[in-house]
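Before anything else, here's the structure in question.
The values are calculated or read from the model by the stated rules, or taken from the named source; none is laboratory data. In this text the structure is predicted, and so the values were computed from the model without any measurement. Note that each Cβ is placed from the backbone with ideal geometry, even for glycine, and that neighbours are counted across all protein chains shown. These area figures cover heavy atoms from the full protein model, side chains too; ligands, DNA and RNA do not enter into them. Shrake-Rupley method; radii C 1.70, N 1.55, O 1.52, S 1.80 Å.
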Amino acid sequence: MLTKEIQHVKEESEKDFSSVDNPKELEELRIKYLGRNGILVQLFEELKKVPKEDKPAVGKNLNELRNLLTEKYNLLKTDLEKTDDTSEEKIDLTLPGTIRTIGSKHIIIQTLDEIKSIFKGMGFSVFEGPELESDYNNFEALNFPPNHPARDMQDTFFVSEKFLLRTHTSPVQIRVMERFKPPVRAIMPGVCYRNEAINPRSYCVFHQVEGLYIDTDVTFAELKGTLVSFAKQFYMDDLKYRFRPSFFPFTEPSAEMDITCFICKGKGCRICKNTGWIEILGCGMVDPNVFNYVGYDSEKYTGYAFGMGIERTALLKYGIDDIRKFYENDLRFLKQF
Ligand code: DAH
């Protein structure tokens, strides 16, 4: 009877032990077979009831079962401990690391940051205005009267009769002056839009930085001094400059600033169209009419303003030949900066 049971336990244990795959299950089997109240102990208990003459044979069987179970248990235990160890050591230090591609600032933003920090160093604060502007701020208050031909200088995306995508950052001048009393010294960077034919030199979206300084007794000499200092810091120290008379409705007198072409150092090249000069910005003394629109006393205050295109500035500084590259998001281009 007991011999049969021993055989049965042997078969059952074989099945049990073959399906173990973690230390917890193995421990359960240890308790089931080898534990203090386990099957083996019960079987040894029953051995006592076996007739004397059968005892040696059955006892031998039972001992073999015990050895078998103990051996199986020990083997599995060391096996599982080994695999357990390796599961904790899953990191293979010889594998190459994961390369995380980190984005970087777009070259236009980098250029803007550089310009901002130069003007901040000269005491200018930074303001921003909305890209969707009123016709009033973008044109009228800047002394472009309705139907004035100067409006044609800028091909405008109108959103409605009264609203448009700003064609320049100059309307932020109006916002700043309406908000603060003089003295005001600020630069105003931002995105602008013009309905232009798209080609290597012009695009429908671009950035500008506007500058404004209003106080009593601000002079054209101060305007020149500030802009020359900026150009020397931003482009190169050793440059020549000139201010050419120009026209903008919101400044009087108005000028455009040229500096020595830093590609050919003034000798004449394709970029400067062989003149040796490069135009970098527009500027002038704020027209008293603008002061009247924002409620500043034009008898008491004077001021200057300037505006420059960032794409153009970056094109020149980095010798890039096509403005559209800034907006194509071609990583081969962007990664160079
Ligand atoms: N807003 C002008 C443009 O987009 C640039 C400009 C010229 C701004 C002269 C100024 C300025 O503030 O004084 O062409």
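So that you can scan it fast, the table gives a plain yes or no per residue for (1) in contact with a Leu (Cβ under 8 Å, 6 or more places away or on another chain); (2) within 24 Å of Ala231 (Cβ to Cβ); (3) modelled with pLDDT of 95 or more:
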residue: Gly276; (1), (2), (3): no, yes, no
residue: Leu281; (1), (2), (3): yes, yes, yes
residue: Tyr296; (1), (2), (3): no, no, yes
residue: Leu315; (1), (2), (3): no, yes, no
residue: Asp330; (1), (2), (3): no, no, no
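This table checks each residue for (1) crowded, with 21+ Cβ neighbours inside 10 Å; (2) in the same structural domain as Asp321 (by TED's automatic domain parsing); (3) not in a loop (DSSP other than H, G, I, E, B).
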| site | (1), (2), (3) |
| --- | --- |
| Pro146 | no, yes, no |
| Arg175 | no, yes, yes |
| Glu178 | no, yes, yes |
| Ile187 | yes, yes, yes |
| Cys192 | yes, yes, yes |
| Ala197 | no, yes, no |
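Could you name every one of the helices (runs of 4 or more DSSP H) located completely within region 220-337 that has at least 1 residues being open to solvent by less than 60 Å² (accessible area, probe 1.4 Å), away from the ligand (no atom under 16 Å from the Cβ) and under 22 Å from Gln154 (Cα atoms)? Quick ask: steps written out before the conclusion?
Working: elements: 220-234, 288-294, 310-318, 331-334.
Qualifying helices (runs of 4 or more DSSP H): 310-318.
Looking at region 241-250, can you tell me whether even one residue there is touching a helix residue (DSSP H, G or I) at 6+ places or on another chain (Cβ under 7 Å) and over 23 Å from Arg194 (Cβ atoms)? Steps first, answer last, please.
Of region 241-250, the ones touching a helix residue (DSSP H, G or I) at 6+ places or on another chain (Cβ under 7 Å) are 241, 243, 249-250.
The next check asks that each one be over 23 Å from Arg194 (Cβ atoms); those that pass are 241, 243.
Scanning region 241-250 turns up at least one residue that is touching a helix residue (DSSP H, G or I) at 6+ places or on another chain (Cβ under 7 Å) and over 23 Å from Arg194 (Cβ atoms).
Quick one: which of Lys55, Lys49 is more than 29 Å from Thr78 (Cα to Cα) and part of a helix (DSSP H, G or I)?
Details: Lys49 fails: part of a helix (DSSP H, G or I).
So the residue among Lys55, Lys49 that is more than 29 Å from Thr78 (Cα to Cα) and part of a helix (DSSP H, G or I) is Lys55.
Sticking with this one: Could you pull out the residue among Lys4, Lys90 that is exposed (fewer than 15 other Cβ atoms within 10 Å of the Cβ) and assigned to a helix (DSSP H, G or I)?
Working: Lys90 fails: assigned to a helix (DSSP H, G or I).
After ruling out the rest, the residue left standing is Lys4.
Same structure, new question: Restricting attention to region 182-229, report how many residues are over 32 Å from the mean Cα position of the chain (by Cα) and without any contact (Cβ under 8 Å) to a residue 12 or more places away in the chain.
Residues in region 182-229 being over 32 Å from the mean Cα position of the chain (by Cα) and without any contact (Cβ under 8 Å) to a residue 12 or more places away in the chain: 2 in total.
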